[in-house]
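Trainee: One structure, as structure tokens, below. Some questions next.
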Amino acid sequence: MLRCRTLEEYSILISRIYSKILEGISLEQAIDFTVQDCIHDNILRDFLIKHRSEVVGMLLEEFDMEEYIKMERRDSYEDGKCQYRIHVIHTMY
């Protein structure tokens with residue numbers, strides 16, 4: 001994700017939705033608030049302005065908390081492997 005800004009911003013969007021759900025906000029409100037916040041914070045701004053209703057609809061239909069958690073774990077694991085490789089290379093020289 002570090003190489004693709006759009007993917008990173010999408011990850012931020014999903015993470016913010018997840019955080020709002022954990023705060024007790026309904027899925028629909030969490031998505032709506034998060035989309036507004038992301039537009040304000042210049043995260044996927046142009047895309048969200050242009051395709052807001054489609055994005056909200058897709059997220060309402062497709063958001064899967066368990067899959068999100070699996071994705072976060074996988075990404076964290078991959079980031080950790082990358083950091084380990086960098087560490088090994090630095091200690092070799």
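Trainee: In the range 37-47, what residues are acidic (Asp, Glu) and either open to solvent by 90 Å² or more (accessible area, probe 1.4 Å) or assigned to a helix (DSSP H, G or I) (or both)? Spell out how you get there, then give the answer.
Mentor: Our first condition is that a residue be acidic (Asp, Glu); within the range 37-47, this holds for 37, 41, 46.
Scanning the range 37-47 gives ASP37, ASP46.
Trainee: Could you check how many residues of the range 3-24 are over 11 Å from the mean Cα position of the chain (by Cα) and either touching a residue at least 24 places away in the same chain (Cβ under 8 Å) or within 18 Å of GLU62 (Cβ to Cβ) (or both)?
Mentor: The qualifying residues number 2.
Trainee: Still on this structure: Restricting to the range 1-36, give me the number of residues that are part of a helix (DSSP H, G or I), of a type outside the set (Lys, Arg) and within 24 Å of ASP75 (Cα to Cα).
Mentor: Residues flagged as part of a helix (DSSP H, G or I), of a type outside the set (Lys, Arg) and within 24 Å of ASP75 (Cα to Cα) within the range 1-36 amount to 20.
Trainee: In the range 59-88, what residues are open to solvent by 80 Å² or more (accessible area, probe 1.4 Å) and modelled with pLDDT of 70 or more?
Mentor: Taking the range 59-88 as the starting set, the residues that turn out to be open to solvent by 80 Å² or more (accessible area, probe 1.4 Å) are 61-62, 66-67, 70, 73-74, 77-78, 83-85, 87.
GLU61, GLU62, LYS70, ARG73, ARG74, listed by residue number.
The values are calculated or read from the model by the stated rules, or taken from the named source; none is laboratory data. This structure is a prediction, so every number in the text was calculated from the model and none was measured. All Cβ positions, glycine included, derive from the backbone under ideal geometry; neighbour counts span all protein chains shown. Only protein heavy atoms, including side chains, enter the accessible area calculation; ligands, DNA and RNA are left aside. Shrake-Rupley method; radii C 1.70, N 1.55, O 1.52, S 1.80 Å.
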